[in-house]
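Bear in mind that the values in this text are calculations on the coordinates, not laboratory data. Quick caveat: nothing in here was measured; it's all calculated off a predicted structure. Positions of Cβ are generated from backbone atoms using ideal geometry, with glycine treated the same way; all protein chains shown enter the neighbour counts.
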Amino acid sequence: MNAGRPPHARLEDIDGHSVIGNPTLRKVNFAPGKHYVSVVQVRNRGVNCFINDLPIVEYSTDYTDLSRNPKWEMPA
Amino acid sequence: MVKNTSGDHLISVLRTIYPHVEHARFGFDKNNSTLIVLSLEQYAEQIAQIISRLDTPAQATDRGTGNDSENVIAEDMLPVMREYPVKHVDGDHVVAILSSLYPTVVEPNAYARFAFDSRRNVVVVIISEHHHANVKKLTSLVDTPMEKASKSEIDLLGLVNPDVHAVSGDWKISDGVLLADDAPAARISFPYSPPEEYYFYRRIYGNPAVSLRGAASFSR
């Protein structure tokens, strides 16, 4: 969530694209001080992302096109 | 013509059921209290049935039991709309769980659609008839008083120790809330391996410019 200004939400990376070229990029009007609930559903057939129960991303994939962006590198 | 509920509420529920503009678009003409629907032809009758259910007087609402034949709007093998009243939990929570079990992927003929009508406190379910028995069972399992709730969910906050599991940034738990500082790309790793399929639920507070950054992953 919250990529750039205005804020956007997205599932990243897709085919190596984090923001530019990411087909799931979607503008979301986050407001300071407001509460949000995010739900990420990981399924064999794809990923669904919701913010306050609104579908933000419904992405069908076999996961071969998804990868972790280098800036979010985690220990093995 | 909308008579008994607000156009905004009606559109909110309909957009949850039909989130993709390629399938259906909704607008409301406040001057004439008229809901405007542009949809694929295959959805027209279904949408009309949903609107007729949602736009009922609050005091006259029949919340149904999931068994009421009056709720059936289509043949056995076609998507059927039923309503399931919720009493003990947030209907959005029920919708989230149902959606996780019946993924509503982007397809013109998505086989399951769910929404919560907060005005009448009912979960609207559109799914094939043979799935409704399970939906009813699942809804009754989820809609239990807090003290009877099952332990099917894992509380990750109870597993994580920010001093041990923080990867980048300054993390801490305060009043049951996991907090990160404003460090760029703050990260924390939960000591838990999720199953192959799962849902990750988090409630987010504060300034989104700060707290919506932060990433979490799983490890064991």
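Laid out as a table, the results:
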read-out: Inter-site label distance for A:ASP62 and B:VAL89 at 7 Å from Cα along Cβ, in nm; value: 3.4
read-out: Averaged over B:94-102, number of beta-carbon atoms from partner chains that fall within 10 Å; value: 3
read-out: In Å, descending, principal axis extents of the Cα set of segment A:8-68; value: 37, 25, 15
read-out: Per-residue average of Cβ from other chains inside 10 Å of A:43-56; value: 5
